[in-house]
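Let me begin by presenting the structure, written as structure tokens, before commenting on it.
The values are calculated or read from the model by the stated rules, or taken from the named source; none is laboratory data. Given the structure is predicted, the values throughout are model-derived calculations rather than measurements. Don't worry about glycine lacking a Cβ; one is built from the backbone with ideal geometry, like all the others, and counts go over all protein chains shown.
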Amino acid sequence: MALKPVVLALSRSGEAVAHRVADVLGAQVHGRQGRVEQADAFFPNALDHVRDLFAAGMPVVGVCASGILIRAVAPLLADKISEPPVISVSDDGAVVVPLLGGHRGANKLAAEIAAALDAVAAVTTAGDVALGVALDDPPAGWRLVNRADAKSAMAGLLSGGGAVVAGDAPWLADLPEGTGLRISATMDAQANLGPDHLQFAPQRLALGVGCARDCAPAELAELVTSVLDEAGLAREAVHSVNTISLKADEPAVIALAADLGVPLRVFDADVLEAETPRLANPSDVVFAEVGAHGVSEAAALAQAGADAELAYPKRKTANATCAIALAPEPLTALQGRSRGRLSIVGIGPGQASWRTPEVSKLVAGAEELVGYGLYIDLLGPLAVGKARSDFPLGGEEDRCRYALEQAGKGKDVALVCSGDAGIYAMGALVFELLDRGPEQMGVSDAARRAEVVCSPGVSALQGAAARAGAPLGHDFCAISLSDLLTPRDDILKRLKAAAEGDFVIAFYNPVSKRRRTLLAEARDILLQHRPAKTPVMLASSLGRPEEHVRYRRLDQLDVDEVDMLTVVLVGSSHSRLAALGEGPRMFTPRGYARKIDGDLAG
């Protein structure tokens, strides 16, 4: 989904303007702590906050000096095609400056803000200034067929050339006239495209498809290609791929939408059945199977709207069908719903700088956040304005089931975990629920059809190891000391094996209010296999303001010094705690010294 901008207020002098801009855009206001009175969320450091939003792909409108925004995002600049808009607005609201993302909506956004504030939009993009249009950024409902040629074509126009426009495209009406550039504004497939011939296709085609379960993606793709080629239509004129909700997870349908670069939209059977009077090929057989008299024709018409016509009725192969509905105007909205997506994200130990950009983008794009309340709180302003469903500790299965079912309704949901979601977190439980049958209290068929995305996070053991130095420099393992889900005997067996194997060990869930003995037992087992002076690192609340790191000898490990927010790293017999200039550093040699000694001896 398109992300709403975030409006930043950095000072009292610009606070009122920030709220006016936010009202125009329907956006949230984030305010600098201690300097702004009213905001939807507050942040302590402007540079860090802008950087975090930008990394998440959020459009940023800062009511502040341009230099602040530039310094914040400068380290992250890499690709102007994918970077989100960044706009500065003067404190008095008189000037609006699109700094980045001019061809990704920043210029349009700046113009909208300027119009509302009666301000000047200081647009500097050459095409917008000289021609009033950017050829590589057509309006909604249009798609540039040969995008790679737009830059050269624009350069030709800016150097004094002109254009001849064939087709109905009012937004191109003000281009200078001339013969240097041909522009085709048509759905028809055009030949001989290049820097002197651009094509903008109006997206008036809604493509409806259906297929048998596990239809080969190539079969559906070839059917659609043959229909478009036979009709002489440009692929870029296709607005969306549409089907029945039962096919939301069909690989061939998903691959087709990805290949065409358009959204996949699904419709429930009752919605498709309502289109029956308009179908060219209603089928009682199809109705008996899915509850609607047509899939491809009905889905195309449902997307294209009441004024559309079925331009290309159903065509089929052994396992696939497709049809095309033609809308009277370019389609700019989406009907139906998306497939739905559940993003299982690990936010690291908590601080924003340890959260990966991919996770930040998935969180920013989510409609709803699901998780233990503390973990969602750690997202700070990134979570502001989003629907959130908090679940307590102990409600893990309810949490995952709820997130899957919400995704099954077509929502974009993020299941928020600390550390890495696949390490002692919710990732495994999500897939366990998906793997269960109905009799085992699994999830609905709709939830099974949702897309599931896993994104890595910085795990607690990685965070602790980084603070220590390099204790995981050689073989290591992780063991959870919680016997709520793992039998106690299994934990003891793994402890003994890890002790005998001389692994560096990261203990997760070391204690709780009622579990106080297993950590002491683990210490005693390890002491049978490694020296009493073996270094142990205790890392509590990693990445948070209350972070506390300390070191102990293995024989002096005190259970009362450990809580649920503590990661315990126990070294192997080779691990060392070195007193260096920066303080104690724990590391585990990998054996390079022995290799060097061997090389010298040889």
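Residues in region 275-301 that are under 21 Å from ARG339 (Cβ atoms), surrounded by fewer than 24 Cβ atoms within 10 Å (Cβ to Cβ) and of a type outside the set (Val, Ile, Thr): GLU275, GLU289, GLY291.
Summed over region 519-537, the residues that are in a helix (DSSP H, G or I), out of contact with any Phe, Trp or Tyr (no Cβ under 9 Å at 6 or more places or on another chain) and not charged (D, E, K, R) give a count of 4. Checking the condition under 18 Å from the mean Cα position of the chain (by Cα) and part of a loop (DSSP other than H, G, I, E, B), which residue from GLY410, GLY394 passes? Criteria check complete, one pass: GLY410. Among the residues here, ALA72 qualifies as at pLDDT 90 or above, of a type outside the set (Asp, Glu) and not in a strand (DSSP E or B). In the set VAL209, VAL145, VAL133, VAL123, only one residue is modelled with pLDDT of 95 or more, crowded, with 16+ Cβ neighbours inside 10 Å and not polar (S, T, N, Q); that residue is VAL209.
Please enumerate the residues belonging to region 332-351 that are crowded, with 23+ Cβ neighbours inside 10 Å, of a type outside the set (D, E, K, R) and not in a strand (DSSP E or B). Give the derivation first.
At the first step, the residues of region 332-351 found to be crowded, with 23+ Cβ neighbours inside 10 Å are 339-340, 342-350.
Now narrow it down to the ones that are of a type outside the set (D, E, K, R): 340, 342-350.
Result: GLY340, ILE347, PRO349, GLY350.
In summary, ALA201 fulfils each of the numbered conditions (1) in contact with a Gly (Cβ under 8 Å, 6 or more places away or on another chain); (2) at pLDDT 95 or above with the single exception of condition (1). When the criteria are applied in full, LYS493 fails the requirement of being assigned by TED's automatic domain parsing to the domain that holds HIS548 and either at pLDDT below 90 or outside any helix (DSSP H, G or I) (or both).
Scan region 556-571 and tell me whether some residue there is free of Cβ contacts under 8 Å to residues at least 24 places away in the same chain, outside any strand (DSSP E or B) and farther than 20 Å from SER482 by Cα.
Initially, region 556-571 is screened for residues free of Cβ contacts under 8 Å to residues at least 24 places away in the same chain, giving 556, 558, 560-561.
This time we only want the ones that are outside any strand (DSSP E or B), so: 556, 558, 560-561.
Remaining after also requiring farther than 20 Å from SER482 by Cα: 556.
Yes; the residues of region 556-571 include at least one that is free of Cβ contacts under 8 Å to residues at least 24 places away in the same chain, outside any strand (DSSP E or B) and farther than 20 Å from SER482 by Cα.
Within region 421-446, being in contact with a Gly (Cβ under 6 Å, 6 or more places away or on another chain) and buried (at least 22 other Cβ atoms within 10 Å of the Cβ) holds for one residue alone: ALA421.
From the list ALA499, ALA506, ALA579, ALA478, exactly one residue is outside any helix (DSSP H, G or I), over 30 Å from LEU393 (Cα atoms) and not assigned by TED's automatic domain parsing to the domain that holds GLY350. Which is it?
On the way: ALA499 fails: outside any helix (DSSP H, G or I); ALA506 fails: over 30 Å from LEU393 (Cα atoms); ALA478 fails: over 30 Å from LEU393 (Cα atoms).
When all the criteria are applied, what remains is ALA579.
Picking from residues in region 34-48 that are over 11 Å from GLY380 (Cα atoms) and among the aliphatic types (A, V, I, L, M), the one that is farthest from the chain's Cα centre (by Cα) is VAL36. The conditions of being modelled with pLDDT under 95 and surrounded by fewer than 19 Cβ atoms within 10 Å (Cβ to Cβ) are met by ALA466. When region 249-270 is filtered for residues that are within 17 Å of ALA206 (Cβ to Cβ) and crowded, with 18+ Cβ neighbours inside 10 Å, the ones remaining, listed by number, are VAL253, LEU256, ALA257, LEU260, VAL262, LEU264, ARG265, VAL266, PHE267.
Listed by position, the helices (runs of 4 or more DSSP H) enclosed by region 194-300 that each have at least 2 residues that are more than 31 Å from the chain's Cα centre (by Cα) are 217-231, 269-273, 284-290.
Looking only at region 357-378, count how many residues are assigned to a strand (DSSP E or B) and within 8 Å of the chain's Cα centre (by Cα).
Step one: list which residues in region 357-378 are assigned to a strand (DSSP E or B), which gives 368-372.
Now drop any that are not within 8 Å of the chain's Cα centre (by Cα), which leaves none.
Total satisfying the criteria: 0.
Filter region 538-555 down to residues that are in contact (Cβ under 8 Å) with a residue 24 or more places away in the chain, outside any loop (DSSP other than H, G, I, E, B) and within 41 Å of the chain's Cα centre (by Cα), then give me how many there are. The qualifying residues number 5.
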